[in-house]
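Inspection log for the structure reproduced underneath, given as structure tokens.
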Amino acid sequence: MIILIGLPGSGKSTVGRLLARRLQLPFVDSDSAIEQRLGCSIREFFEREGEARFRDEEQALIDELTQAAPCVLSTGGGAVLRPANRQCLRERGRVFYLRSSPEEVFRRVQHDRSRPLLQVADPLQKLRELYAQRDPLYRETAHHVVETGRPSVASLVNWIAAQLELQRSPPKPIHTSEASL
């Protein structure tokens with residue numbers, strides 16, 4: 001199980017789809033999966049039921065998904081808010097934190113109206129607050145931190161794939177001649 005975490009708009013779904021294709025694994029976006037389960041958008045559910053109720057649903061889904069067949073899993077930006085989720089993600093998969101600055105994310109999502117937490121008067125300030133709150137949690141959960149600022153999506157996918165390959169390959173034995181002993 002390969003898991004991508006990070007702020008909303010950090011590229012988890014975009015990178016995840018390409019990574020899954022490259023690794024020939026299914027791709028699962030937890031936000032899309034939860035919308036299917038709820039029968040409505042996350043934004044609608046947030047407005048109707050509140051964030052706490054949404055986090056309950058998210059926690060149940062993450063528990064299920066991380067026990068399913070291997071895949072590339074892109075989580076919602078707030079998945080790390082609950083200790084149970086952080087533990088579940090870290091123990092059941094290889095976690096990559098796609099680290100983006102609030103300013104980078106703002107450039108990517110400033111016109112996206114589907115993100116409920118960013119439908120505020122000052123979305124950049126909200127992203128800064130989310131980053132301050134969540135960056136330590138992302139770091140606690142992740143096995144790897146991937147800086148998303150400059151590299152292309154293809155470069156990010158290549159880097160993640162290389163890290164996975166390094167972990168899969170056992171260290172090569174070092175052969176020394178008797179003369180060097």
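Summed over qualifying helices (DSSP H, 4 residues or more, each -39500 (n - 2.57)) and divided by its residue number, the chain shows a 222 nm mean residue ellipticity of -16500 deg cm²/dmol. Seen against the Cα atoms of the chain and their longest principal axis, helix 123-141 is set at about 40 degrees. Share of carbon and sulfur in the accessible area of the chain stands at 50%, probe radius 1.4 Å.
Between the listed residues GLY50, GLY39, PRO26, the Cα displaced farthest toward the positive end of the dipole of the chain, a dipole computed from Cβ unit charges relative to the Cα centre, is found at PRO26.
Of the labelled options (i) -0.34, -0.65; (ii) -0.43, -0.75; (iii) -0.28, -0.61, which one gives log10 I(q)/I(0) by the Debye sum over Cα atoms at q = 0.09, 0.13 Å⁻¹ as computed for this structure? Step by step, log10 I(q)/I(0) by the Debye sum over Cα atoms at q = 0.09, 0.13 Å⁻¹ for this structure corresponds to label (i).
Rounded to the nearest 10 degrees, the angle from helix 153-168 to the longest Cα principal axis of the chain is 50 degrees.
The values are calculated or read from the model by the stated rules, or taken from the named source; none is laboratory data. A quick note: this is a predicted structure, and the numbers were derived from the prediction, not measured. All Cβ positions, even for glycine, are placed from backbone atoms using ideal geometry, and neighbour counts span all protein chains on display. We work out accessible area using only protein heavy atoms, side chains counted, and drop any ligands, DNA or RNA first. Shrake-Rupley method; radii C 1.70, N 1.55, O 1.52, S 1.80 Å.
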